[in-house]
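Everything below concerns the one structure shown next.
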Amino acid sequence: MRPELVARMVGGAILVLVAVLLVASGTYVVEPGYRGVEIILGRVSERFKPEGFGLKLPLVSTIHPVSIRQQTVRETAECYSSDLQQIRVDLRILYRIPESAVVRLFRDYEGDPFGQLVAPRVHEALKEVVALQNAEQIVKNREQIKVRTLDLARSKIGELVVVEDLVIEDIKLTPELERAIEQKMVQEQEAAKARFVQQRAQIEANTAVIKARGEAESIRIRGEALKENPTYVDLQIVDRWDGQAPLVVGGGQILMSVSELWRFTGTNHARAQSLLPARSR
């Protein structure tokens with residue numbers, strides 16, 4: 001093979017390789033859930049690149065992907081309560097980077113902004129909230145601690161990063177403090193039980209007094225009615241009589257006289273007397 005032909009072939013291969021490199025360096029692909037930050041000769045472009053395929057300046061421009069998906073990071077914070085008790089809080093931080101802050105965060109913060117912006121602000125907010133309550137209140141008011149910390153952290157971080165939520169997984173106290181709180185809760189439960197028993201006894205006593213007063217009032221009213229109308233008792237006997245007059249109570253004593261029997265049965269005196277046993281006449 002002649003040298004001229006070999007040189008042409010090598011030159012052609014070099015040109016093809018250079019063309020491929022130029023084409024490859026002049027295109028980019030931004031994956032779903034990411035935005036691209038373009039850097040041209042060390043200068044950051046003010047507009048981000050959306051997801052998908054695109055063209056860029058070969059060799060002088062690079063595209064850096066920045067995730068805008070929600071991310072979750074576990075953290076452990078050491079805090080002190082208002083009564084100077086050490087509190088350890090295990091939590092999860094859910095955050096994401098908004099599109100509007102992609103370029104600014106890339107330019108102003110090196111790498112992932114979580115370690116430089118999100119985590120320090122969340123720790124600071126949590127310590128401020130925990131310092132306002134004693135250890136017992138912190139254990140009881142976990143949801144309240146979470147809400148206040150989330151609001152305060154959002155105000156500290158601003159619009160650069162969106163903190164979606166905070167999840168407090170565990171609140172750990174010293175063993176001595178946990179035993180003291182447990183004993184206090186047991187005492188409070190026993191006191192509440194004693195108060196319930198006392199209230200129930202008081203209600204039962206009040207009910208008995210009210211019932212007794214009602215019975216006394218009923219007796220008083222019946223007494224006054226009998227005093228004003230002596231025939232009321234006779235009327236009650238007639239209303240409750242079943243048509244069979246009781247004649248003898250044990251020992252042969254007559255329960256009612258012949259005249260009374262005559263009056264209740266509606267018969268004459270002789271007929272009423274005939275209804276009585278021979279012993280009772």
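Extending each Cα 7 Å along its Cβ direction at R92 and E164, get the distance between those two points in nm, one decimal.
The two pseudo-label positions are separated by 1.0 nm.
Starting from the Cα of E110, step 7 Å along the direction of its Cβ; do the same at A212; then give the gap between the two resulting points in nm.
If labels sit at E110 and A212, their model points lie 8.7 nm apart.
Work out the length of the dipole vector of region 49-176 about its Cα centre, built from +1 on the beta-carbon of each Lys and Arg and -1 on the beta-carbon of each Asp and Glu, and round it to the nearest 20 debye.
420 debye
Once the piece of chain linking E176 and L15 is laid out straight, how much longer is it, given 0.36 nm per residue of separation minus the C-alpha distance between them?
50.2 nm
Note down the nm distance, to one decimal, between modelled labels 7 Å out along Cα→Cβ at Y80 and at Q202.
Once both label points are built, they end up 4.4 nm from each other.
Values quoted throughout were computed directly from the atomic coordinates according to the rules given, and no laboratory measurement underlies them. Worth saying up front: this structure is predicted, and the values here are computed from it rather than measured. No Cβ is skipped: glycine too gets one built from the backbone with ideal geometry, and neighbour counts run over all protein chains shown.
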